[in-house]
Amino acid sequence: MGRLQDKVAVITGGASGIGFAAARLMATEGASVVIGDLAEEAAVDAAGKITEAGGQAVGMAVNAMEEASIVALVDGAVERFGALHVMCNHVGGSNPRKDLDLLRLDMAEFDRTMQLNVRSTLVGARAALPHLIAAGGGSIINTASVGGLSGDFLQVAYGTAKAAVIRMTQYIATQYGAQYVRCNAVAPGAIMTPALRDNLPAEAIESIRSHNALPFIGDPEDIAHAMVFLASDESRYLTGQVLTVDGGMSSHSSIAEDRRALLPDPAKN
């Protein structure tokens, strides 16, 4: 039996990248998956690929900037499959050309980023909660980022938004744990998605890789496996936590690489 057998999962932003990898893996593990995406055709196509592979999935349009649209997605999932056990609030991001440092930040982009990342996560969790409680409990998985764990020179709005998602995760876990609802966040580091390839030159990607403890940049499936764990009963005693999946980027201090030069030369020993 699959790790998510008989569970129903909703994933926003699930038509591509990490979201689709999670949807596909959850379906492989037995879940009935509802993929929500702004591009309805892409969501339907993604669901079709899963059903062709033997899984259960449907695609629906969702505009994460509109509360009614998120509520309709969640209610549609319950109407289609009869219950809800997993809510993945995955949609997010910011425009890196407008989300710069504090003095050059486009304030309209700040407002948009907060709504897209923070408000959509809050609305998604709130829409899902009554259904999760009715099912006897469940799992809310919020997508944060390593950008929400420390400061940077760029994307102040995005980092601030993801930090808010992390704190919100703890509030939800605290408030609804007694109803057997778990709420955790996944904080990805750099992941080799089409967006990463399209927005960064090769030398910038290599620079990111060089800061990982592991000698490579992860794939969407690396985050998807973490989401499946948080969706499954294997994580039944885990709530209010941030699972950082970043190849070890955040595991060391900013001067660690410089200190490597202080190691004795093994060739001289």
Check on Leu103, touching a residue at least 40 places away in the same chain (Cβ under 8 Å) and either of a type outside the set (Lys, Arg) or within 24 Å of Ala226 (Cα to Cα) (or both)
no
Kindly provide the set of residues from region 188-228 that are in contact (Cβ under 8 Å) with a residue 12 or more places away in the chain and basic (Lys, Arg), ordered by number.
Arg209
Reported set for region 242-269 where residues are within 33 Å of the chain's Cα centre (by Cα), part of a loop (DSSP other than H, G, I, E, B) and exposed (fewer than 10 other Cβ atoms within 10 Å of the Cβ) is Ser253, Ser254, Ile255
Test for Ser94: is it over 22 Å from Val228 (Cα atoms) and hydroxyl-bearing (Ser, Thr, Tyr):
yes
Out of curiosity, is Lys98 farther than 30 Å from Asp152 by Cα, among the basic types (Lys, Arg) and at pLDDT 95 or above?
no
Filter region 128-154 down to the residues that are surrounded by 20 or more Cβ atoms within 10 Å (Cβ to Cβ), farther than 24 Å from Gly218 by Cα and among the hydrophobic types (A, V, I, L, M, F, W, C) and list them by number.
Ala128, Leu129, Leu132
Every residue from region 181-234 that is part of a helix (DSSP H, G or I), under 16 Å from Val245 (Cα atoms) and among the charged types (D, E, K, R):
Arg209, Glu221, Asp222
Could you grab me the full set of residues in region 190-216 that are basic (Lys, Arg) and touching a helix residue (DSSP H, G or I) at 6+ places or on another chain (Cβ under 8 Å)?
Arg197
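Table: residues versus (1) small (Gly, Ala, Ser); (2) under 19 Å from the mean Cα position of the chain (by Cα); (3) under 27 Å from Ala163 (Cα atoms).
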{"position": "Ile50", "(1), (2), (3)": "no, no, no"}
{"position": "Ala53", "(1), (2), (3)": "yes, no, no"}
{"position": "Ala64", "(1), (2), (3)": "yes, yes, yes"}
{"position": "Leu73", "(1), (2), (3)": "no, yes, yes"}
{"position": "Phe81", "(1), (2), (3)": "no, no, no"}
{"position": "Cys88", "(1), (2), (3)": "no, yes, yes"}
{"position": "Gly92", "(1), (2), (3)": "yes, yes, yes"}
{"position": "Lys98", "(1), (2), (3)": "no, no, yes"}
Out of all the residues in region 86-100, which are in contact (Cβ under 8 Å) with a residue 12 or more places away in the chain and in a loop (DSSP other than H, G, I, E, B)?
His90, Val91, Gly92, Gly93, Ser94, Asn95, Pro96, Asp99, Leu100
Any idea which residue in region 135-178 is nearest to the chain's Cα centre (by Cα), counting only those that are farther than 24 Å from Ser232 by Cβ and of a type in the set (Ser, Thr, Tyr)?
Tyr158
Restricting to region 71-93, what's the tally of residues that are closer than 21 Å to Ala21 by Cα and among the β-branched types (Val, Ile, Thr)?
3
Identify all residues within region 65-85 that are crowded, with 18+ Cβ neighbours inside 10 Å, in contact (Cβ under 8 Å) with a residue 60 or more places away in the chain and either over 17 Å from Asn142 (Cβ atoms) or in contact with a Ser or Thr (Cβ under 8 Å, 6 or more places away or on another chain) (or both); write none if there are none.
Leu73, Ala77, Val78, Phe81, His85
Considering only residues that are surrounded by fewer than 17 Cβ atoms within 10 Å (Cβ to Cβ) and among the small types (Gly, Ala, Ser), look in region 47-60 and name the one that is farthest from Ala15 (Cα to Cα).
Gly54
Just to be sure I understand, how many residues within region 117-164 are among the small types (Gly, Ala, Ser), within 21 Å of Ala72 (Cα to Cα) and either in contact with a Lys or Arg (Cβ under 9 Å, 6 or more places away or on another chain) or in a loop (DSSP other than H, G, I, E, B) (or both)?
4
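The values are calculated or read from the model by the stated rules, or taken from the named source; none is laboratory data. Bear in mind the structure is a predicted one, so any value in this text is a computation, not a measurement. Cβ atoms come from the backbone with ideal geometry, glycine included; neighbour counts cover every protein chain shown.
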